1. Being part of a helix (DSSP H, G or I), aliphatic (A, V, I, L, M) and touching a residue at least 24 places away in the same chain (Cβ under 8 Å) is the filter here; which residues of region 44-73 pass it?
2. Starting from region 18-29, take each residue that is surrounded by fewer than 18 Cβ atoms within 10 Å (Cβ to Cβ) and aliphatic (A, V, I, L, M) and list its partners that are assigned to a strand (DSSP E or B) and at pLDDT 95 or above, counting only C-beta distances under 8 angstrom and pairs at least six apart or across chains.
3. If a residue must be among the acidic types (D, E) and either in contact (Cβ under 8 Å) with a residue 60 or more places away in the chain or within 22 Å of F31 (Cβ to Cβ) (or both), how many such residues does region 74-101 contain?
Amino acid sequence: MPDATTTPRTKTLTRTARPPLHKVILVNDDFTPREFVVRLLKAEFRTTGDEAQRIMITAHMKGSCVVAVFTREIAESKATRATETARAEGFPLLFTTEPEE
């Protein structure tokens, strides 16, 4: 009788990779009023008043602060809208994005 060996069948699972995430960063400036920054954070990023205050103070003390993390398209869109809103009001406030590590 021949020695027959059977190999077990394996299933190949396909997983969809998650899109890379990007951080939205608030860059401090010495000209934009704190109240405006808090109002903008609440409106554009849907933060609470306390969260917006904390983000604004951290950016003021350290020079910049991560506001939120999104997919690249959403992060860039929110950063651009927030920066344009500040410019429309005459403030030099800047939001940037960078890949999350």
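The values are calculated or read from the model by the stated rules, or taken from the named source; none is laboratory data. Please read all numbers here as calculations on a predicted model, not as lab measurements. Neighbour counts are summed over all protein chains in view; Cβ atoms, including those assigned to glycine, are modelled from backbone coordinates with ideal geometry.
1. Those that are part of a helix (DSSP H, G or I), aliphatic (A, V, I, L, M) and touching a residue at least 24 places away in the same chain (Cβ under 8 Å): I55, M56, A59.
2. From residues that are surrounded by fewer than 18 Cβ atoms within 10 Å (Cβ to Cβ) and aliphatic (A, V, I, L, M), the pairs are L21/V69; L21/F70; L21/T71; L21/P99; V27/S64; V27/L94; V27/F95; V27/T96.
3. Applying the first criterion (among the acidic types (D, E)) to region 74-101 yields 76, 84, 89, 98, 100-101.
Adding the requirement that they be either in contact (Cβ under 8 Å) with a residue 60 or more places away in the chain or within 22 Å of F31 (Cβ to Cβ) (or both) leaves 84, 89, 98, 100.
Final tally of qualifying residues: 4.
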